[in-house]
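Step one of this worksheet: look at the structure below.
Throughout, read-outs are computed from the coordinates displayed, never taken from laboratory work. Quick caveat, the model's predicted, so the values are computed rather than measured. Neighbour counts run over all protein chains shown; Cβ positions are idealised from the backbone, glycine included.
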Amino acid sequence: MEDQREVSLDRVEKFKKDRGIMFHFETSAKTGENIENLFIFASKVLYNSFKDKIEQMVSNLFSFCTHHQNVLYATLSILTKRLFIQKAEQLQKKGGKKGGKKLTRKDVAASSES
């Protein structure tokens, strides 16, 4: 590979120094030599550099979804209760239970089935 180098080692070292880069890989676009190793190494460096941030993002996303799931359940509970009350009020307007008794969930459910 030494005899086929397109970029001199001096140029590589200057490039690294100017940009604060600590390592380099010699690769070949022609043969594909060392390309896979470069990507594996870069992936490991990136993962190790950002794993805490990645874990925090995943944790935040989980918390966000859990919170919104709880909000959804609460909203559905409120809507169900409102629908129950509306149905009970409709039944009472139509006459409801005889004898002035309060309507129960069973009464509302039974009226919905008929």
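Here the calculated FRET efficiency for SER63 and ARG5, from their Cβ-Cβ distance with R0 = 41 Å, stands at 0.20, rounded to the nearest 0.05. Remark: the stretch 81-90, residue by residue, has Karplus-estimated 3J(HN,Hα) of 5, 4, 5, 4, 5, 4, 5, 4, 5, 5 Hz, where x stands for each Gly or Pro and the curve is 6.51 cos²θ - 1.76 cosθ + 1.60 at θ = phi - 60°.
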